[in-house]
Structure formats: C-alpha cells, structure tokens
Amino acid sequence: MSQYMTLARPYARAAFAAASGAGQVASWSQALALATRVAADPKVEGLLNHPQLSTTEAASLLAVDGAGEEFGRFIELLAANRRLPLLAEIAGMFEQLRAEAEHVVKARVTSASEMPAAELESIRVGLKRRFGREVELETAIDESLIGGAVIDAGDVVIDGSLKSKLSRMQSALAS
C-alpha cells in the first residue's frame, strides 16, 4: 500500500497545485471524487484495464462535465502513465492537502453505537482546542468496541473504547 502512496503523492501535489493556481480547489475535489467513484465501478474498472483501450478513451470514461480542460488533461496524463488505478489514493491525498491549506483537521469518531450530537460537538470543540484548527468530524459505528469511542485525527489516535481497556486489563493481569 505504501508503494501506491509513494506513486500517488506527486500526482496529488500536482493536481492540488493546478487546482489552487486556478482557484478551483472545490471543483477539482468534486471532480476527483466523482472520477474515483466511476473508476471503482467493477464494469468501468474492467474497461480501464483492457489492453485495447486507448489513453484518450480511458480518459473520456472518467471525464467530468464542467470540471474544465485542465482537469481533463490531468486525467489524460494519469491514463498515459498508467496511473488510473491510483485515482483513489490521489483523491485522498488531494483532500489532505486541501484540509491543510484550509486549516482543517479531519477526524473520525468510531463508537459502539450512535453518539448524541451534543457529545460529538464536545469532542469537536476539544479537538479544535487541541489542534488550534477547525475540525470536521466523520462518524462510524463498530459494535465490537463494546462501549466508548476511538478518535482518529491523522497522526493522533485516542482509544477510549471499552474493548481496548479490557484488553489492557487482561494484559496487566496476565503478567
């Protein structure tokens, strides 16, 4: 997986630079997300890997109306260099660059059950105070956590799950 990230990084940076320079970061973000979803479709993925498909044809499959000529050329570049399989990684890195530029931290809160809005807001405010940036929360449910939550904000992971606490307790009792 790290090989994909290494290969995708220069493309993501180039895409972000082009989008920033043109003042079109939001539209490129949407276009990359759409192209990624299209490329992930099993039927389209099969076509993209077909040896008789030309670069232009591959790029036209992922063209996004209204995204602009430069976005189209970017997709053609990916197709010409056989990097279309990296589209998801490129889009993810593009979003990371966008969040950094907009001074936003994206965090994922995974809990055993749905959390009340007030609790999520409390977590958001705490993270905002800790990072000194705006925080966008994404939520997920993992019933195996039993209780509590795991907060993943980039390089920072706060594991307050009951599953983790029980595991630590078991390790302490075993030694």
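The values are calculated or read from the model by the stated rules, or taken from the named source; none is laboratory data. Because the structure is predicted, anything quoted here is derived from the model rather than measured. Neighbour counts are summed over all protein chains in view; Cβ atoms, including those assigned to glycine, are modelled from backbone coordinates with ideal geometry. These area figures cover heavy atoms from the full protein model, side chains too; ligands, DNA and RNA do not enter into them. Shrake-Rupley method; radii C 1.70, N 1.55, O 1.52, S 1.80 Å.
Scanning segment 132-162 for residues that are farther than 23 Å from Gln96 by Cα, among the charged types (D, E, K, R) and surrounded by 14 or more Cβ atoms within 10 Å (Cβ to Cβ) returns a single hit, Asp142.
Against the numbered list (1) of a type in the set (Lys, Arg); (2) more than 18 Å from the chain's Cα centre (by Cα); (3) closer than 23 Å to Gly154 by Cβ, Arg13 comes up short only at (2). All of Tyr4, Tyr11 fail the test of being among the hydroxyl-bearing types (Ser, Thr, Tyr), in contact with a helix residue (DSSP H, G or I) (Cβ under 9 Å, 6 or more places away or on another chain) and open to solvent by 50 Å² or more (accessible area, probe 1.4 Å), apart from Tyr4. Residue count for segment 153-167 satisfying the condition of being part of a strand (DSSP E or B) and either more than 19 Å from the chain's Cα centre (by Cα) or not small (Gly, Ala, Ser) (or both): 4. For segment 14-32, the tally of residues that are open to solvent by 40 Å² or more (accessible area, probe 1.4 Å) and either aliphatic (A, V, I, L, M) or touching a Ser or Thr at 6+ places or on another chain (Cβ under 8 Å) (or both) stands at 4.
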